[in-house]
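The values are calculated or read from the model by the stated rules, or taken from the named source; none is laboratory data. In this text, all values refer to a predicted model and were calculated from it rather than measured experimentally. Using ideal geometry, Cβ is built from the backbone for each residue, glycine included, and neighbour counts are taken over all protein chains shown. To get the accessible areas, we keep the full protein, side chains included, count just its heavy atoms, and leave off ligands, DNA and RNA. Shrake-Rupley method; radii C 1.70, N 1.55, O 1.52, S 1.80 Å.
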Amino acid sequence: MIKPKSLVDNAQLPAAAAAQYTADASLVAALIKRATFTNTDSSARTFSIWIVPSGGSRANSNLIIDDRSVAVDETVDSTELINHVLEGGDSIHAVASAATAITVKISGFEQT
């Protein structure tokens with residue numbers, strides 16, 4: 001069964017890289033369809049995103065977005081994440097240049 005899912009639901013990115021979504025091990029796959037990032041801070045901020053394989057760790061080999069800048073009060077849609085597939089146990093990790101400055105919403109589908 002394939003169902004729409006909010007993979008990351010309006011979370012504020014931390015200043016230390018951490019998992020924001022982990023595909024349940026029972027899933028066949030999760031598919032990212034849209035990722036939106038909003039800077040609510042009074043200064044331009046950056047964020048980075050990794051898609052980490054199950055049992056793996058953040059590394060340059062799974063870095064998808066590296067220090068993407070978002071201007072004050074700007075909202076950006078990340079085309080870099082669209083249609084990426086996560087298998088069971090894979091995760092989306094993220095970090096922002098300042099805690100609670102970047103709000104993220106990632107939507108997609110999960111297949112069981």
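Listed values (1) 61, 34, 19; (2) 42, 27, 19; (3) 59, 33, 23 include one computed from this model; for Cα extents along the principal axes in Å that value carries the label (2).
The local environment of residue 28, defined by Cβ-Cβ distances under 15 Å, has a net charge of -2 under the rule Lys, Arg +1 and Asp, Glu -1.
Once backbone amide H atoms are built at 1.01 Å from N, residue 29 has 111 as its partners under 5 Å, excluding neighbours fewer than 5 places away on the same chain. A 1.4 Å probe run over the protein chains yields, for the chain, 50 Å² of accessible area per residue, whole-number rounding. Of all accessible surface on the chain at a 1.4 Å probe, what whole percent is carbon and sulfur? Looking at the chain in its full context, I get 48 percent from C and S.
Using C-alpha pairs below 8 Å separated by at least 6 residues, the relative contact order for region 14-72 is 33 percent.
Neighbours of residue 80 by Cβ distance under 15 Å: Lys/Arg scored +1, Asp/Glu scored -1, total 0.
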